[in-house]
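Shown next, in structure tokens, is the structure this report addresses.
The values are calculated or read from the model by the stated rules, or taken from the named source; none is laboratory data. Just so it is clear, the structure is predicted and the values come from calculations on it, not from any experiment. FYI the Cβ positions are ideal-geometry reconstructions off the backbone, even for glycines, and counts take in every protein chain you see. With ligands, DNA and RNA removed, areas are computed over all heavy atoms of the protein, side chains included. Shrake-Rupley method; radii C 1.70, N 1.55, O 1.52, S 1.80 Å.
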Amino acid sequence: MSTQLRLDLTHAVTDTDLQLLQPNILEAHELLHSGRGAGSEFTGWLDLPSSFDREEFIRIQNAAARIRCAADVLIVIGIGGSYLGTRATLELLSHSFHNQLPRDRRPGTAVYFAGHQLSPTYLNDLIDIIGDKDVVINVISKSGTTTEPAIAFRHLRQWMEQKYGQAEARRRIYATTDRARGALKQLADDEGYETFVVPDDIGGRYSVLTAVGLLPIAAAGIDINALMAGAADAMNAYREPSLASNACYRYAAARQHLYRQGKSIEVLAAYEPGTQYLVEWWKQLYGESEGKDNKGLFPASLQLTTDLHSMGQYIQDGLRQLFETVLTFDRPRRDLQIPRVESDGDGLNFLAGQSMHYVNERAMAGTLLAHVDGGVPNIHIALPEPDAYNLGHLFYFFEKACAISGYMLGVNPFDQPGVESYKKNMFALLGKPGYEAAKAELEKRLQR
Ligand code: PA5
């Protein structure tokens with residue numbers, strides 16, 4: 001297969017302006033590839049599509065096959081980078097109602113998520129749904145100490161042990177965590193869970209193509225060989241630092257150009273509801289990588305055409321601090337023809353016989369130009385179709401563009417120091433031992 005991602009910058013930046021950024025691109029490329037850039041200890045994702053652990057990959061495929069046999073439902077417990085890539089993939093590539101399809105009409109197990117918030121209502125409701133089903137759990141946490149998945153796992157592990165007994169529950173729990181350290185690794189070793197590795201040199205938000213994403217994605221019946229092949233082709237396609245030949249770097253450069261022109265928000269807009277979690281994954285990747293040192297584009301998203309009936313007004317006519325990146329697919333996963341109806345009360349018979357995808361595509365083209373006319377620069381990324389190969393390619397495209405953008409911005413794209421602040425306050429307010437002074441101070445502030 002060959003690379004077919006297309007990037008159109010006609011409505012975002014002129015060739016002359018883009019070329020002015022070639023020296024910055026070269027510098028960022030050099031920082032990333034030489035390993036001399038900030039956070040270089042977390043660049044294992046860069047050659048992952050060729051260097052990944054083949055033995056573990058086979059173990060993942062075997063475990064996924066066992067899960068598909070043994071379970072109606074896989075519960076993926078994780079948050080942030082330990083969950084968004086999986087959800088993005090499942091929502092884009094699976095049937096829109098995958099979990100509701102009868103077992104013999106879906107390629108893999110139903111997948112539910114837990115541990116991505118602290119809602120007791122959600123967890124109770126989830127337990128209602130899985131009550132009479134055969135369940136397997138994949139608990140995913142690199143650190144092994146993240147509060148949200150840890151609490152969900154406490155509940156669900158207890159539930160599994162009550163349902164299956166300790167020995168069978170142990171066989172039905174898979175842990176994806178650090179190779180050697182952390183509370184989850186320790187527990188998995190003590191209990192004898194089969195474990196998979198989050199590599200040391202890959203941070204959460206760059207980890208979708210490791211066991212973090214691959215095990216649940218394969219269990220849902222998605223072809224992880226094709227996913228990795230797409231990523232490998234992207235790795236080869238985006239190796240050279242020349243803007244002329246590297247679409248990934250052109251995207252990074254265009255974003256930086258617009259940021260330097262005063263744009264502070266990038267809105268990723270897509271026209272298929274299956275992209276909802278792909279854009280959430282993208283938001284985490286760019287928000288956590290670039291939003292630091294009081295810098296960075298704010299990543300926002302739109303689901304279109306749905307949001308044209310809510311946020312459309314603002315995009316067209318509100319404060320001009322944003323630009324739009326539109327993500328489209330040439331072919332939808334499935335299409336439909338618009339029927340002719342006798343009465344034609346809605347006046348749409350002129351569309352009879354056209355495909356719904358054609359209407360969606362024309363809506364996209366018209367909206368794009370309307371937004372450009374309204375002062376919203378536009379970047380357009382197009383892929384042939386939503387399949388595992390193209391998604392693997394797109395994951396790598398966005399990851400590498402993000403690293404290059406971060407270095408162009410002058411930040412470390414691989415750390416997330418800001419995420420710690422809420423945790424400190426939460427632990428203090430919950431009375432965690434060691435946080436006594438902070439607790440008193442925060443409570444005084446809350447009483448004011
Ligand atoms: O990108 C990141 O590093 C974070 O979003 C983490 O993935 C998230 O906080 C979950 O961390 P962990 O896998 O350690 O539970």
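Only one of the listed residues (K400, K444) is touching a residue at least 12 places away in the same chain (Cβ under 8 Å) and either within 16 Å of the ligand (Cβ to nearest atom) or part of a helix (DSSP H, G or I) (or both). That residue is K400.
If you check L92 against the conditions, is it away from the ligand (no atom under 16 Å from the Cβ) and farther than 20 Å from I130 by Cβ? Answer is yes for this residue.
Do we have any residue at all in segment 333-340 that's under 30 Å from Y259 (Cα atoms), at pLDDT 95 or above and surrounded by fewer than 17 Cβ atoms within 10 Å (Cβ to Cβ)? Checking segment 333-340: not a single residue is under 30 Å from Y259 (Cα atoms), at pLDDT 95 or above and surrounded by fewer than 17 Cβ atoms within 10 Å (Cβ to Cβ). Going by the structure shown, is V111 of a type in the set (A, V, I, L, M, F, W, C), touching a residue at least 40 places away in the same chain (Cβ under 8 Å) and in contact with a His (Cβ under 8 Å, 6 or more places away or on another chain)? It is true that V111 is of a type in the set (A, V, I, L, M, F, W, C), touching a residue at least 40 places away in the same chain (Cβ under 8 Å) and in contact with a His (Cβ under 8 Å, 6 or more places away or on another chain).
If you go through segment 214-249 and keep only what is open to solvent by less than 10 Å² (accessible area, probe 1.4 Å) and touching a His at 6+ places or on another chain (Cβ under 6 Å), you end up with G230, A234. In summary, helices (runs of 4 or more DSSP H) completely within segment 236-334 and bearing 3 or more residues that are farther than 21 Å from L84 by Cβ occur at 247-260, 312-317.
Residues in segment 302-334 that are farther than 15 Å from P273 by Cβ and not hydrophobic (A, V, I, L, M, F, W, C): G312, Q313, Y314, Q316, D317, G318, R320, Q321, E324, T325, D330, R331.
Mind telling me which of the residues K432, K424 ends up being touching a residue at least 12 places away in the same chain (Cβ under 8 Å), open to solvent by 60 Å² or more (accessible area, probe 1.4 Å) and either in a loop (DSSP other than H, G, I, E, B) or more than 21 Å from G37 (Cβ to Cβ) (or both)? From the options K432, K424, the qualifying one is K424.
Among the residues of segment 363-384, the ones that are surrounded by fewer than 14 Cβ atoms within 10 Å (Cβ to Cβ) and in a helix (DSSP H, G or I) come to 4 in all.
Residues checked against (1) closer than 17 Å to N390 by Cβ; (2) within 14 Å of the ligand (Cβ to nearest atom); (3) in contact with a Pro (Cβ under 7 Å, 6 or more places away or on another chain):
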residue	(1), (2), (3)
E194	no, no, no
V197	no, yes, no
I217	yes, no, no
N225	yes, no, no
L243	no, no, no
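Of the candidates G406, G418, the single residue that is buried (at least 23 other Cβ atoms within 10 Å of the Cβ) and touching a residue at least 60 places away in the same chain (Cβ under 8 Å) is G406. Within segment 11-36, the residues that satisfy the criterion of being assigned to a loop (DSSP other than H, G, I, E, B) and surrounded by 21 or more Cβ atoms within 10 Å (Cβ to Cβ) are A12, V13, L21.
Taken together, G37, G44, G85, G80 contain a single residue that is of a type outside the set (V, I, T) and on the phi > 0 side of the Ramachandran plot, which is G80. Screening the candidates L297, L268, L322, L285 for the property of being within 16 Å of the ligand (Cβ to nearest atom) and touching a Lys or Arg at 6+ places or on another chain (Cβ under 8 Å) yields one hit, L285.
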